[in-house]
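Structure first, then comments.
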Amino acid sequence: MFRFFKEEVKRSLNCEEKFIRESEHSDLTSTISFKIAKEKGEDAKKIAEKLVSEIKTKGEFSYIGKVEAINGYINFFVNNTFLAETIRSILNRDEDYGSLDLKGDVLIEHTSANPDGPLHIGHLRNSIIGDTLARIFKKAGFNVETQYYVNDMGRQTAIAVLGVNKFGLSEKKPDHAVAEAYIRMNEELEKNSDLEKEIEEIMKRYEDGDENVIRLFKDVVEKVLEGVIETLKNINVHHDSFVLESYFVRNGYVNRIFDILDKNGILIKNGAWKIDGSRLQFEKDVILRRENGTTLYITRDLAYHLWKNERYPRFINILGADHKLIGKQLSDILKFIGLKPPEIVFFEFVSLPEGSMSTRRGKFISADELIEKTFEEAMKLLRDRDMDEKEKIAKAVAVGALRFDFVKIAPEKHMVFDWKNALDFERQTASYIQYSHARACSILRKANRNEEITKDEVRFKPELCTDVERKHIILLSKFSYIIERVINELRPNIFAEYLMKVASSFNDFYRDHPVLNAKEEIRMHRLAIVDSTRIVLRNGLELLGIEALERM
RNA sequence: GGGCCCGUGGCUCAGCAUGGAUAGAGCGACGGCCUUCUAAGCCGUAGGUCGCGGGUUCAAAUCCCGCCGGGUCCGCCA
């Protein structure tokens, strides 16, 4: 709804979007007068006043109420029709509220951690950003496919495979068991450089399609993925498909990429095969094929993106900031050969207080450990409560806290993981939003207990709105506006912040707006607001992959 | 050394793309609020040279230049 208001404001001034902004002084504000004042050398204040009077004579806007000029700013306020239509739209559309009608297929690739061990808390940031974006894209109307690109041909995987082969697997969860063998193999590798040849050999045979070796790799990769899928399931992250790198070697896409590069004249075949970096303003040539004939990560990734180009109009990758250089090279190469580059969301690293994480050196906090500890902490909180389904609630609170903590931080921000912070739910965080939702549910439950209230009886009356209610409803109206921003900016943290605001604003309302004990007209009016809030919070939590509890 | 990212109260962050009206939250600290819809809540107080220095502008946390601090990348690794 807010988007329509903004459109009207834009139309009323006939100005660019950038001169219209949200403000604490109004529902929307324009700074266009300053711009005109500069161009014409006139007084901004007078221009604003003139523009306001013009808008007033124009009349006939559906949602614009008061318009005023103050110090050169033009302040717009929504009218009662806007408030009424917002509430009506929320109640009518219910689960659908907030959606947009954008169309098209989108591929979102996220997580894609190497199959050499369990996910750690750095991967989690990737998964949560990716999964949240996928949910928001779906809400916006896109047909979304989420994909996990499995790096089964890399050197790291070969080390893991060799490790498992040499040392076997312990009884641990399979991904953790593989990590043990992988870490041990790395230690051996440091001591004994002869093992280097074995790695090289096994990689070569895998790439060449040796059935026995393929079986070994398949076994290890499947074990890791089994563990990874279980971990992700625990935090409500789902992938529609898993695509192996080796698929692109076996289906000929890697060869097609070589042909294309060759035709474009940037492939140098001289021992190793490489891209002529000078043609693309790269610092160095990019190696695509080792002298022994095996390919490298970027080679398969180019093939993968050729494949994506043939299938999706839009594809988005979620990648750690350490992939920035290779991501840029990938994009530049794709553009050079006339293919579309991916849209890439980079996020900065999650590190531990003692330094950066490393699966290879066993220096990491696994996602499983974090999930488990967070759950235990949530259970402690419920220890003394008398209620049903403690485990279910604790799980929802734990997953919520975890997901929210990651998604609320802007992707470009470096994070230092802190146990104390991660396990503290007594903060304005996911549980606060869940709690607000439960409060709204509680009011509605009680309202319905004594008498069955039908939709027709719930009557929202804009003229009854207090200032707090008005502000709150305008916030509710911004749902799809925020969705649109996330789609444009690929920053899901914006949505987390929005939902936080809605919860906070609802608590303001809750404080001094009694619902159940109010007289009939006001009671029905406020029930409509409470129900609308409930819908917005529930739909919003869904987009964050967090369960909207009705009691807690 | 070069590229990219970050630097906002004691701590964690929002705001920066598109400059604009007194720089916003949470945690922590301090003081209050449960006979009234869930206190996982609410109210109040203290706490800020927006890393530093220049510049552009009527106006800079926001744009430009330089510097400092932290992270990250610069493999026939991924």
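Details
- Residue check, A:SER12 within 11 Å of RNA strand B (Cβ to nearest atom), modelled with pLDDT of 90 or more, over 30 Å from the mean Cα position of the chain (by Cα) and among the small types (Gly, Ala, Ser): no
- Each residue in the stretch A:345-367 was checked for being surrounded by 14 or more Cβ atoms within 10 Å (Cβ to Cβ) and touching a helix residue (DSSP H, G or I) at 6+ places or on another chain (Cβ under 9 Å), and 16 pass.
- Out of A:GLU22, A:GLU95, A:GLU39, A:GLU68, sole residue that is within 15 Å of RNA strand B (Cβ to nearest atom) and assigned to a helix (DSSP H, G or I): A:GLU39
- Within the stretch A:268-298, considering residues that are near RNA strand B (Cβ under 8 Å from one of its atoms) and assigned to a helix (DSSP H, G or I), the one least open to solvent (accessible area, probe 1.4 Å): A:ILE298
- Residue pairs whose Cβ atoms lie under 7 Å apart, separated by 6 or more positions or on different chains, with the first residue in the stretch A:54-72 and touching a residue at least 12 places away in the same chain (Cβ under 8 Å) and the second away from RNA strand B (no atom under 15 Å from the Cβ) and basic (Lys, Arg), are A:VAL67/A:LYS56.
- Condition met for A:ASN234 (within 30 Å of A:ILE337 (Cβ to Cβ), of a type in the set (S, T, N, Q), at pLDDT 95 or above and open to solvent by 20 Å² or more (accessible area, probe 1.4 Å)): no
- Unmet criterion (only one of (1) hydrophobic (A, V, I, L, M, F, W, C); (2) within 16 Å of A:ILE128 (Cβ to Cβ); (3) loosely packed, with under 14 Cβ neighbours inside 10 Å) for A:VAL399: (3)
- Looking across the stretch A:534-552, just one residue is open to solvent by 60 Å² or more (accessible area, probe 1.4 Å) and more than 16 Å from RNA strand B (Cβ to nearest atom), and that is A:GLU542.
- Flag if A:ASP131 is away from RNA strand B (no atom under 15 Å from the Cβ) and over 30 Å from A:GLU85 (Cβ atoms): yes
- Inside the stretch A:352-396, residues that are part of a helix (DSSP H, G or I) and either touching a Phe, Trp or Tyr at 6+ places or on another chain (Cβ under 7 Å) or not β-branched (Val, Ile, Thr) (or both) make up a count of 20.
The values are calculated or read from the model by the stated rules, or taken from the named source; none is laboratory data. In this text, all values refer to a predicted model and were calculated from it rather than measured experimentally. Methodologically, a virtual Cβ is constructed for each residue, glycine included, from the backbone with ideal geometry; neighbour enumeration extends over all protein chains shown. Just so you know, the surface numbers come from the protein's heavy atoms only, side chains and all, with ligands and any DNA or RNA stripped out. Shrake-Rupley method; radii C 1.70, N 1.55, O 1.52, S 1.80 Å.
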